[in-house]
Structure formats: structure tokens, C-alpha cells
Amino acid sequence: MRRQIEEHNWRYYVQDDPVITDSEYDRLLRELESLETSYPEYRTADSPTQRIGGAVRSGFGSVRHKMPLYSLANAFNTQELLDFDRRVRNITGLEQVEYVVELKIDGVAVSLTYEQGRFTQGATRGDGVSGEDISDNLRTIRSLPLRLQTQHELPSVVEVRGEVFMPKEAFANLNAEREEAGEAVFANPRNAAAGSLRQLEAKVTARRALDIFIYGIGAIDRLTILSHWEWLQQLQRWGFKINTHNKLMMGIESVVDYCLSWQRQRQELPYAIDGLVVKVNDLRSQHRLGSTAKSPRWAVAYKFPAEQAKTRLKEIVVTVGRTGVLTPTALFDPPVRLAGTLVGKAVLHNEDIIRARDIRVGDLVRVEKAGDIIPEVVATIPEHRSGQERVFVMPTLCPACGAEVVKLPEEVAWRCPNVSCPARLRESLIHFGSRGAMDIDGLGPATIDQLLENRLVKNVADLYGLTQTALVQLPRLGDKSAANLIAAIDASRNRDLDRLLFALGIRYVGATAARALAKHFGSIKALMKANSDDLLSISGIGAKITASIQDFFGEERNLSTIKRLEEAGVNMVKASPPPTTSQRLAGKTFVLTGALAAFTRAQAQAAIEKRGGKVTDSISRRTSFVVAGNNPGSK
Ligand code: IVH
């Protein structure tokens, strides 16, 4: 059963091509869990049930790598790639060299040891000679095989190397959650991956959506392989996740072209890369080339130039989020073009960051995109100061309601404590109607501002009392938009329980936790009755979320909102799985891009999944259909 589950796991997370539904997978895993509870003597470290993380550790042990983990020499431009190639040709005597070119994943290097085909230990790179034992945390990464596919030739011990990374979307979501929670945000996906791997509680790592690409072999006790490319194939057969953009090419010219083409396209990848790695393919040539003290002579890292821009920081404005967190944001004049978009502002997160980087209003600043996505002020250019620049001070009163702001001892953020603060209400309404929550089309910030100005809503439950007559009074809302909004609000009454739980904006309850809660309790009533043991027993729900849920339901105002939502006919239970609709899209994989005419992308995805199909973010060999709407990206 363990093997069967691992196989499904591999199909889902490595092959991107599952053959059973998520609920069938869950059923298998639950059955295994219950068997292991009854017969604990059969529970092993490589059981798929062990991926969720167990006890809290006090620190990490140290691991000596069987072979040192080298770092790479860098090439910063085409000329340096050509120089590298010339050195390789000089030493090997070859006229033209065969190279493997791989994306340089911007994550954390790890080494994994498998004994008799089982994952036994994983470590960080450390100083290259020894690193930290982070086996428990690595085990939570679903694309990391706990057991190798042994029908293929298997040495008794093998150590492989790879890069753990956090996909861009997961990074953005994690930071958004942390921002709301008043916690420090991660500067880029690499830091987020590193921070997640260094958690003493593997349960926390398990929630972090990490992934891993394997790119090479360390120590191995037998097996004769002649080229790096063959190694990659072998690793793939054992069940490791290998990057699909790896390429075998003859001569440095095509290598240069490939590097430059990724320099232009890197934004389109769902994960961050900071360059490419060029490796001599033939292992005998690699051996002849050897290494310097720090790095092998048979490989080089082509590093992309950092995309940076200079502009003037014109103003720092402070906004108030849904949970009251005050966020300073820098406004630029002029806006600058960076990694494909025009950037007019950057979140400065909190006072500490502004002080640490000595960022002043009026400064000339350098702007970069962290992990290609989130604009950030990385430094000021103090030489250009005129003396007119102003040091920023955090307001002591909420800019929206005037309440005195507070700071909890363990947090970096200041908060507006007023639960009825209009800025907090505005953000709660935006969140309530957003796509992942109640998905109310037409309830954007502009409409919400009008509703608030005209005092039509004071609470999310008031949305369900809005009438066409009231809406048409609003100066900037026509008959048709009013009717559409009423219809969209009406439709939101039928959203599933998980969306409602997410929409309520309970602190720390993101979309994933909301799904886990809905699945476990089935109704909001049952959730409200739950005690902390019930909550803590759910995978993915820890002490912090538990406390926050109990606080939320302990507040009279929240109970009254829920009661009013229920009276308004909003669904409060989990939908039973629909009677099997035709599964005519089973086995087909779709990529959606651009604006679709009759659906939002989330709706199209739901419709495809309901019929057994799968939706992925990027095009691969397994893509069956690309659905391209208006203004599609380059997909
Ligand atoms: S090969 C001796 N391949 O980049 C060969 N490294 O300094 C050593 N990295 O920290 C590395 N993607 O973790 C290799 N496809 C790839 C890589 C890669 C990312 C990281 C690696 C190391 C750094 C190189």
C-alpha cells in the first residue's frame, strides 16, 4: 500500500499526470494511516504518512557529505561563456564540446542519500563539506521520492543533489499571509525556501508548498554511466523530478543562444531562476578537466544581469489592511519598467525595513523585483541627496479612522485596533468578494468605495440586503451594472463552505486551511463547536490557527455576522461531492491563458476539473489543450 500511494504521489507531483482523483488518493492515505495506527510495528520512515511532519526538534544534527558539494564559477556575459568553452577545448583537445544546459534554479542546494532505494538522509549544502540534517523537513516535499523505483538498476547507496525551491505563486501567497499576520516577509523565493527548510517543526515546512529539482549525482557505489545526460535520464527513471528544460547541445554557440533566450523568457516560468548552468556532458572529459579548490572546471553558471532601475521615491503612503496592519508603500516618480511590467510603487512592509535601509522620502532609489515578481526598494543612493529628503515616521494614529495604533510585542507591524475602522471594513469587503472567496463579480474596490460612502454597507452581511433600487441611486453605477451586481451577490449564496470560511477573514485561515476545515467539519456549526483538540488533530492546522479560530468565534460581533449571513440564505455546509458528472476530460491536461469570454479562469478550471480534467500553469509535453482567451501571454 505504501508503494501504491508513493506511485500515485509520483504521478501527481513529478509526472504531473495523476490516474486517480484526489479523493481516492485521500482515501488510500487514510486507510494506510489507520492500518499504521493499529499495527505501529509496520510504520517506517519511508511511509507516505510520514510526510506531514511529526514532533518539534530542538536543532539540526550535522552531516558530512560523502563528496563535497562544490559551487560554480560564474560567467556574467557571452564573452565569459566563450572563454569557458575555450578553456574546456584547450584541456580536452576537443574541437567542439557537447554540453548539457540546465536552468539555474534560485533555491537551496541539498543532498539526498538513498540506501537500498530508501530515502535515509537529506542535508543542506552548509560549507560544502558538511551541512545540517534536515531529513524530516525534506520528507514533506511531495515530489521527493521516499523510495526509488527499484525495477531499474539500483546501487546500494546513492547520494543525489538538487535544488529545493518555492514556486513564485506560493511565495507571493505566503508573503501576503505573513503581511496580514504582522510577521516579517521573505525578501525572495530563495529566502522563503531556506526559511521553510530550517523550521524545527516539520509540520510548518509541510504547509509551505516546496518543490525540488534534482540535477546531479554525488557519491555512488557502482553503476557505469558515461555522460551527465545519461545520469539525468537515470535519475528520472528512479522517480526524481528533473527539469524539463534541460538541453543537450553541441558547441558553445547554441549554448549562448539558449542562455540569451531564457534571459528574455525567465518571467514566464512558475519558479525563479537566476541563470543557467552549463556542464560538459562527457564524464571522462569532466574527469580530465577536474576542479579548482572551489569549483569544477567542467561547469559554469551563466548569471543573468540583475534587473534594476533607478527612480525617485516621491512619497510613502500608509494603508490599513483587513486585520488592521499598517503598511507603508513607496510611490515612484517616474514609474519604471522592470521584468516586463511598469512599476509605480513598492510595498516597504514595515518600519524596521525602512530604517534598516535608511530609505527617505525624496531619495533616489534602486528598485528590483524580488524573485522576478515583487517590486522592492533595495537601496537608496545617498550621494544624490540634496538635504531636502525626509525621514519617514510611522503615524501614531490610524490614517483611516484616527484610532491610536498599537504594536504587539512579538510583531513587527503596527495595527489599527478599531474593528469598525472604515479601511478595515473596505479591505474585508474586497476580500469577501474576491475570486478565491465568495467570488462576487462586479464587487471591486470602486463599487465598494461607493457603497461605503453612501453608507449602504457597514458589515459584509449587509451585501445580501442590497436592492436594485438602492444601487441605482449610486452616482457611478448604471442599471445594468446594478442588476449584474445583485445577481452576482445572489449567486454567491451557494458558494461552498470552504470559500465562506476563507471569506470571513479569520486570521491565519488562508484558502488551504479553509479547505481542510470545511472537509473535516462539514458545516460552520460543527466548526464553531470544535475544541482545540479537534482542531489540532487536523493536518495543516497548528496552535496559531487554532487560537485564532477560537478568538474569532468567541467574538459576539462575528457570531452575529454569521447569523445574519445564514438568515440571508448563505450556504453554511460543505457540498457533498456532485453525483459523478461525465468524466469526458479525464486524462486531459489544460493550460488556460488570457481573458476567457464566458468564464473567469477559476470557473473554467472548476468546470474542467469537474469533468475529470486537469489544469496546469505551464505548457509541457503533457499538455493536451491550450485555451487562449483575449490578450493571452506568450504561452
Ligand atoms: S550544478 C558542481 N545545476 O547553483 C556542480 N547547480 O553554485 C554544482 N543550482 O548552490 C552545482 N540549479 O545549488 C547545478 N541545474 C543546476 C542548478 C544548480 C541551481 C545551484 C546549486 C549551487 C549553485 C551553484
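Right, Glu98: closer than 21 Å to Asn243 by Cβ, of a type outside the set (Val, Ile, Thr), more than 16 Å from the ligand (Cβ to nearest atom) and open to solvent by 10 Å² or more (accessible area, probe 1.4 Å) or not?
Spelling it out, Glu98 is indeed closer than 21 Å to Asn243 by Cβ, of a type outside the set (Val, Ile, Thr), more than 16 Å from the ligand (Cβ to nearest atom) and open to solvent by 10 Å² or more (accessible area, probe 1.4 Å).
May I ask you to list the residues in segment 192-217 that are touching a helix residue (DSSP H, G or I) at 6+ places or on another chain (Cβ under 9 Å), within 15 Å of the ligand (Cβ to nearest atom) and either under 21 Å from Arg57 (Cα atoms) or open to solvent by 60 Å² or more (accessible area, probe 1.4 Å) (or both)?
Hits for segment 192-217 are Ala193, Leu197, Leu210, Tyr215.
Please name all residue pairs, on different chains or six or more residues apart, with Cβ atoms under 7 Å, provided the first residue is in segment 158-184 and is under 30 Å from Trp231 (Cβ atoms) and at pLDDT 90 or above and the second residue is among the β-branched types (Val, Ile, Thr) and more than 16 Å from the ligand (Cβ to nearest atom).
Glu159/Thr113; Lys168/Ile373
Can you work out which of the residues in segment 3-46 that are assigned to a helix (DSSP H, G or I) and touching a residue at least 60 places away in the same chain (Cβ under 8 Å) is most open to solvent (accessible area, probe 1.4 Å)?
The qualifying residue most open to solvent (accessible area, probe 1.4 Å) is Arg3.
Give all pairs with beta carbons closer than 8 Å in which a residue from segment 485-498 that is more than 12 Å from Gly433 (Cα to Cα) and open to solvent by 50 Å² or more (accessible area, probe 1.4 Å) meets a residue that is of a type in the set (Gly, Ala, Ser) and modelled with pLDDT of 95 or more; count only pairs at least 6 apart in sequence or on separate chains.
Going by the 8 Å Cβ cut-off, there are no qualifying pairs.
Quick one: would you say Phe60 is more than 16 Å from the ligand (Cβ to nearest atom) and either at pLDDT below 95 or surrounded by 20 or more Cβ atoms within 10 Å (Cβ to Cβ) (or both)? Break it down into steps so the answer makes sense when it comes.
Working: more than 16 Å from the ligand (Cβ to nearest atom): yes; either at pLDDT below 95 or surrounded by 20 or more Cβ atoms within 10 Å (Cβ to Cβ) (or both): yes.
Answer is yes for this residue.
Would you please name the residue that is nearest to the ligand (Cβ to nearest atom), looking only at residues in segment 163-185 that are touching a Lys or Arg at 6+ places or on another chain (Cβ under 8 Å) and open to solvent by less than 40 Å² (accessible area, probe 1.4 Å)? Explain how you work it out, then say what you get.
Taking segment 163-185 first, the residues touching a Lys or Arg at 6+ places or on another chain (Cβ under 8 Å) are 165-166, 170, 174, 180-182, 184-185.
Restricting the remaining residues to those that are open to solvent by less than 40 Å² (accessible area, probe 1.4 Å) gives 165-166, 170, 174, 181-182, 185.
Working: Phe165: 9, Met166: 14, Ala170: 18, Leu174: 21, Ala181: 30, Gly182: 32, Val185: 23 Å.
Filtering first and then ranking leaves Phe165.
If a residue counts only when it is closer than 18 Å to Ser254 by Cβ and in contact with an Asp or Glu (Cβ under 7 Å, 6 or more places away or on another chain), which strands (runs of 3 or more DSSP E) contained entirely in segment 54-138 have at least 2 such residues? It would help to see each step written out before you state the result.
Working: elements: 62-64, 98-105, 108-115, 118-124, 130-132.
Those strands (runs of 3 or more DSSP E) span 98-105.
Starting from segment 272-289, keep only residues that are of a type in the set (Asp, Glu), then list their pairs with residues that are more than 11 Å from the ligand (Cβ to nearest atom) whose Cβ atoms are within a distance under 8 Å, requiring at least 6 positions of separation or different chains.
From segment 272-289, the pairs are Asp274/Phe304; Asp282/Glu98; Asp282/Leu226; Asp282/Ser227.
Scan segment 357-374 and tell me whether some residue there is touching a residue at least 60 places away in the same chain (Cβ under 8 Å), open to solvent by less than 40 Å² (accessible area, probe 1.4 Å), within 26 Å of Ala193 (Cβ to Cβ) and among the aliphatic types (A, V, I, L, M).
Restricting attention to segment 357-374, the residues satisfying the condition of being touching a residue at least 60 places away in the same chain (Cβ under 8 Å) are 368-374.
Adding the requirement that they be open to solvent by less than 40 Å² (accessible area, probe 1.4 Å) leaves 369-372.
After this cut, where a residue has to be within 26 Å of Ala193 (Cβ to Cβ) as well, the list is 369-372.
Narrowing the set further to residues that are among the aliphatic types (A, V, I, L, M) leaves 370.
There is at least one residue in segment 357-374 that is touching a residue at least 60 places away in the same chain (Cβ under 8 Å), open to solvent by less than 40 Å² (accessible area, probe 1.4 Å), within 26 Å of Ala193 (Cβ to Cβ) and among the aliphatic types (A, V, I, L, M).
Would you pick out the residues in segment 286-299 that are surrounded by 13 or more Cβ atoms within 10 Å (Cβ to Cβ) and closer than 16 Å to Thr92 by Cα?
Gln286, Arg288, Leu289, Ser291, Pro296, Arg297, Trp298, Ala299
Would you mention how many residues in segment 232-248 are more than 15 Å from the ligand (Cβ to nearest atom) and open to solvent by less than 40 Å² (accessible area, probe 1.4 Å)?
Selection size over segment 232-248: 3.
Can you go through Ile252, Ile220, Ile225 and tell me which one is away from the ligand (no atom under 13 Å from the Cβ), among the β-branched types (Val, Ile, Thr) and open to solvent by 40 Å² or more (accessible area, probe 1.4 Å)? Reasoning before the result, please.
Details: Ile252 fails: open to solvent by 40 Å² or more (accessible area, probe 1.4 Å); Ile225 fails: open to solvent by 40 Å² or more (accessible area, probe 1.4 Å).
The match here is Ile220.
Look through Ser111, Ser135, Ser130 and report the one residue that is within 12 Å of the ligand (Cβ to nearest atom) and either more than 21 Å from Ala194 (Cβ to Cβ) or of a type outside the set (D, E, K, R) (or both).
Only one candidate qualifies: Ser111.
Exactly one condition in (1) open to solvent by less than 40 Å² (accessible area, probe 1.4 Å); (2) in a helix (DSSP H, G or I); (3) not aromatic (Phe, Trp, Tyr) is false for Glu159; which is it?
Of everything listed in (1) open to solvent by less than 40 Å² (accessible area, probe 1.4 Å); (2) in a helix (DSSP H, G or I); (3) not aromatic (Phe, Trp, Tyr), Glu159 misses just condition (2).
Scan the helices (runs of 4 or more DSSP H) fully inside segment 526-635 and keep the ones with 3 or more residues being β-branched (Val, Ile, Thr) and at pLDDT 85 or above.
543-554
From Ala209, Ala192, Ala184, which residue is on the phi > 0 side of the Ramachandran plot and not in a strand (DSSP E or B)? It would help to see each step written out before you state the result.
Working: Ala192 fails: on the phi > 0 side of the Ramachandran plot; Ala184 fails: on the phi > 0 side of the Ramachandran plot.
The conditions single out Ala209.
To keep it simple, each residue is scored yes or no on (1) over 21 Å from Asp333 (Cβ atoms); (2) within 28 Å of the chain's Cα centre (by Cα).
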position	(1), (2)
Ile359	no, no
Pro375	no, yes
Glu389	no, no
Trp414	yes, yes
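Could you look through segment 413-431, keep only residues that are touching a Gly at 6+ places or on another chain (Cβ under 7 Å) and in a helix (DSSP H, G or I), and pick out the one that is farthest from Ala602 (Cα to Cα)? Walk me through it before giving the result.
Residues of segment 413-431 touching a Gly at 6+ places or on another chain (Cβ under 7 Å): 413, 415-417, 421, 424, 427-428, 431.
Filter once more, keeping what is in a helix (DSSP H, G or I): 424, 427-428, 431.
Details: Arg424: 26, Glu427: 21, Ser428: 21, His431: 16 Å.
Top of the filtered list is Arg424.
Could you please give the count of residues in segment 500-515 that are surrounded by fewer than 20 Cβ atoms within 10 Å (Cβ to Cβ) and assigned to a helix (DSSP H, G or I)?
Qualifying residue count, segment 500-515: 3.
Just a yes or no: is a residue in segment 66-84 within 16 Å of the ligand (Cβ to nearest atom) and farther than 28 Å from Phe304 by Cβ?
yes
The values are calculated or read from the model by the stated rules, or taken from the named source; none is laboratory data. Note that the structure is a prediction, hence the values are computed from the model and not measured. A quick note on method: Cβ atoms are made from the backbone with ideal geometry, for glycine too, and the neighbour counts reach across all protein chains shown. These area figures cover heavy atoms from the full protein model, side chains too; ligands, DNA and RNA do not enter into them. Shrake-Rupley method; radii C 1.70, N 1.55, O 1.52, S 1.80 Å.
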